[in-house]
Every structure is written in structure tokens, then in C-alpha cells.
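**Student:** This is the structure I have questions about; it appears just below.
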Amino acid sequence: MDKSILQLLPKIELHLHLDCSLSYDVVKKLNPQINYTHYKNNFIAPEKCLNLGDFLRCTNGGIDLMQTEVGLKEVVKDLFVQLKKENVIYSEIRFAPLQHINGGIAAEEVVQIVADTAKECISSTGIKAGIILCTLRHYNEEQSLQTVKLVEKFIKNSVIVGFDIAANEAGFPIDSHKKAFEYAVKKDIPRTAHAGEAKGAESVWETIKYFSPQRIGHGVRSIEDDTLIEYLIKKNIHLEVCPSCNVQINVFDNFSDHPINNLYNSGVSVGINTDARSLVNVSLSDEYLKLIETFGWGYKHFYSCNKNALSASFLEDSDKTILREKLDTFFVQNSILWQE
Ligand code: HPA
Ligand code: ZN
């Protein structure tokens, strides 16, 4: 399979961390003293991390560079350049605003800067995008509520589209975040939540019970529980799967051990994502290529995953229709290129 075809393929990516996706170009622009060796050692996580906590330690470099208006703007612009290169037609980009207030910018201003820059990039590149604001597992109740209220404030007429909880699922319980998600439910704010990655199916059940998310970030360990799989199908809860990231943080030994193929075959709604382009050192086309090489995936899998992701996106229905036509046009016209 020719990789250039994969780059041309229109893609939907719903699970993508802004602060974990800085190219070497933008890092060098923001701090010319950083050479490639430093970038490799500090912005790309080791190919095999001990666990999620070990992986998350590598986010510090990016977050440090994103404490100023210039840093935030450049990182957003850089990510759109990366998305354009491989024809991502819609992306939901997430970040935790409270991680960017150390340089003295207020949290509201952080969100405004990212939203305004994303809007500019949307009109200059033609890529549609939404921004999801994350609370973090180690945050307290107040910080979590502050974050969901930022979503509430910016969601009207803005590119801010939803609320998420990220960071170390295995290290911190969900208790401090119940109120924030209750608030999101009450205000009808779209919700996704990281779960079933560093912990098993019980964590996905707990997340569903207390956070009522429309989607789960990762959720791959749902495969351990048939009843949960049935429930996800029945309730049409989408899994934002990021296979390379899961292997890197040691949830699975090798790519061939990843349950993505079984999840797909079970009928659960799954989509394919990178999670973190610099930390994982992967593009979305790389993920697709690994799926072809490891599981024999082809045209029908990518068409289906992209349609699933689009349906589960936090876009308005009218925007979904426009993007669905783009997917249909490409996949139907080019099906001849794919040998099943
Ligand atoms: N899990 C939780 N938080 C994260 C991840 C992840 O895989 N990547 C970046 N932040
Ligand atoms: Zn993630």
C-alpha cells in the first residue's frame, strides 16, 4: 500500500492533545536554543514507557512553552499545519486551560487566545475544528468546576465544543470531578472522558455512571467485559481509540496485541486517533498504515471509522452533513485504489 494514498485520505480525528503535539519546527521557533537531540529526549516520550504516569511526565516541555500568548498561538498554528499535511478535515483538539496560567495569563484569556487562533486557522486552512477543554484527574473539585464553567462561557458562537477529563486515571479517583460532570450534564455540555486505558473495564463503567459521556477517550479495556461492550453498542457510546499511544504506555505489549480489531468487529463505534503527535511520535497516516500492516485493514475499515467519528463528533448536524459528503465523495470515488 502506497503511503501517499493514506495521506490524501480525508480523516476525522477527535482525540488530540494540543500540548502533546508540538513539532520540532514550533519548538525551535519558540526556543531557538533547543536542538533536535533535546527535542527528541524531552518532547517525544520513550517508545516504551513504564505506564501512563511515566508517559505524562514528558508533557512538561510543551506546557512550559505554552505559558505566553505567542507560545499558545504558535502551537495552535503549528498543529493546523500538521493536520493539513495529511488531510484531516475535522479535528477536536483538547487541552487543559489551567495548565497555562503560570506565566500570568488568566484562564479565560488562555481559552480566548486558543479559540481565536483556532478560528483564524480554520478560515485559512479550510480544516474544520473544535476545541475541548480538559479537567485533569489530579485537580480538585474547584478546578474541575472552573474548567467546565469555561466551556459553558465559551461554547456559544465559539469553537469550544466540549468537556473532558484527562491525566492519570490510575493515580486519582473520580470523586473530585463528579460535580463538574453533573454541571456539564445539567447545562447540556457535550462530554468525553479518558477511561479504560490505565485501568480496566470497571473504570469505564464508573465513568459512564458518574459522568454520562457521549464518548470515551481510549476505552480500549472495555474489551475485557462483554456486558460493557453490549452496553456501549446499545447506548452508541463512541470509543476514541489511539492504538500507538496505548502500546507506548504499556497497556499492551505490541501493536498486534491491541484489541482495536476485536473492538471494530464487535460493532462498537470506534475511531482512530493519535492522542499526542509529538509524545507518541506518530501521524494519523502512520496509525492507519500500522492498522493495514498488522490487521489487514482496508478501505471499509477507514471509511467506517471516519463515519463513526463524524457521527460522534460535537459538531452541529448541518456541519456533519457537509463533512459526511466529503468522506462519501472520496471513499466512493477512490474505492478502486483499495484492494480488500
Ligand atoms: N491519557 C490521559 N491523559 C493524557 C493522555 C492519555 O493517554 N495523553 C495526554 N494526556
Ligand atoms: Zn488522551
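**Student:** Would you check if there is a residue in the stretch 235-246 being away from ligand 1 (no atom under 16 Å from the Cβ) and within 28 Å of residue 80 (Cβ to Cβ)?
**Tutor:** The answer is yes, given that some residue of the stretch 235-246 is away from ligand 1 (no atom under 16 Å from the Cβ) and within 28 Å of residue 80 (Cβ to Cβ).
**Student:** Go through 22, 98 for me and flag whichever is surrounded by 14 or more Cβ atoms within 10 Å (Cβ to Cβ), in contact with a Ser or Thr (Cβ under 7 Å, 6 or more places away or on another chain), in contact (Cβ under 8 Å) with a residue 12 or more places away in the chain and part of a helix (DSSP H, G or I).
**Tutor:** Within the list 22, 98, the selection yields 98.
**Student:** Can I ask one more? I'd like the full set of residues that are in contact with an Asp or Glu (Cβ under 8 Å, 6 or more places away or on another chain) and more than 24 Å from residue 326 (Cβ to Cβ), limited to the stretch 110-161.
**Tutor:** 113, 133, 134, 135, 137, 150, 153
**Student:** I'm told residue 267 meets every condition in (1) small (Gly, Ala, Ser); (2) surrounded by fewer than 20 Cβ atoms within 10 Å (Cβ to Cβ); (3) under 18 Å from the mean Cα position of the chain (by Cα) except one. Can you identify the failing condition by its number?
**Tutor:** (3) is the only condition that residue 267 fails.
**Student:** Residues to consider are 167, 184, 198, 180; find the one that is on the phi > 0 side of the Ramachandran plot and at pLDDT 95 or above.
**Tutor:** 167
**Student:** I'm checking my understanding of the structure. Among residues of the stretch 153-185 that are of a type in the set (A, V, I, L, M) and within 15 Å of ligand 1 (Cβ to nearest atom), which one is nearest to residue 59 (Cα to Cα)?
**Tutor:** Filtering first and then ranking leaves 167.
Listed here are the residues, each with its yes/no results for (1) charged (D, E, K, R); (2) within 24 Å of residue 303 (Cα to Cα); (3) away from ligand 1 (no atom under 16 Å from the Cβ).
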position	(1), (2), (3)
13	yes, yes, no
39	no, no, yes
45	no, no, no
53	no, no, no
61	no, no, no
68	no, no, yes
85	yes, yes, yes
95	no, no, no
106	no, no, yes
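**Student:** Going by the structure shown, is residue 89 within 16 Å of ligand 2 (Cβ to nearest atom) and under 19 Å from residue 308 (Cβ atoms)?
**Tutor:** Taking the combined requirement at face value, the residue does not satisfy it.
**Student:** Select from the stretch 247-260 the residues that are more than 12 Å from ligand 1 (Cβ to nearest atom) and surrounded by fewer than 17 Cβ atoms within 10 Å (Cβ to Cβ) and write down the one among them that is nearest to residue 208 (Cα to Cα).
**Tutor:** Step by step, filter the stretch 247-260, then rank; the result is 257.
**Student:** Would you mind listing the helices (runs of 4 or more DSSP H) fully within the stretch 237-340 where at least 1 residues are more than 26 Å from residue 227 (Cβ to Cβ)?
**Tutor:** 243-248, 277-280, 284-295, 299-312, 317-333
**Student:** Tally the residues that are within 15 Å of ligand 1 (Cβ to nearest atom) and aromatic (Phe, Trp, Tyr), restricting the search to the stretch 186-211.
**Tutor:** Total satisfying the criteria: 1.
**Student:** Taking residue 239 as the residue in question, decide whether it is modelled with pLDDT of 95 or more and either away from ligand 2 (no atom under 16 Å from the Cβ) or surrounded by fewer than 22 Cβ atoms within 10 Å (Cβ to Cβ) (or both).
**Tutor:** Spelling it out, it is not the case that residue 239 is modelled with pLDDT of 95 or more and either away from ligand 2 (no atom under 16 Å from the Cβ) or surrounded by fewer than 22 Cβ atoms within 10 Å (Cβ to Cβ) (or both).
**Student:** Which of (1) touching a helix residue (DSSP H, G or I) at 6+ places or on another chain (Cβ under 8 Å); (2) of a type in the set (Ser, Thr, Tyr); (3) within 16 Å of ligand 2 (Cβ to nearest atom) is the odd one out, the single condition residue 269 does not satisfy?
**Tutor:** Exception for residue 269: condition (3).
**Student:** Let me ask something else about it. Filter the stretch 109-140 down to the residues that are closer than 21 Å to residue 207 by Cα and basic (Lys, Arg) and list them by number.
**Tutor:** Correct list: 137 only.
**Student:** Under 6 Å by Cβ, and 6 or more places apart or on different chains, what pairs join a residue from the stretch 253-278 that is on the phi > 0 side of the Ramachandran plot and modelled with pLDDT of 95 or more with one that is of a type outside the set (Phe, Trp, Tyr) and more than 13 Å from ligand 2 (Cβ to nearest atom)?
**Tutor:** 267/233
The values are calculated or read from the model by the stated rules, or taken from the named source; none is laboratory data. Here the structure is a predicted model, which is why all the values come from computation and not from measurement. Counting neighbours? That spans all protein chains shown, and the Cβs are built from the backbone with ideal geometry, glycine included.
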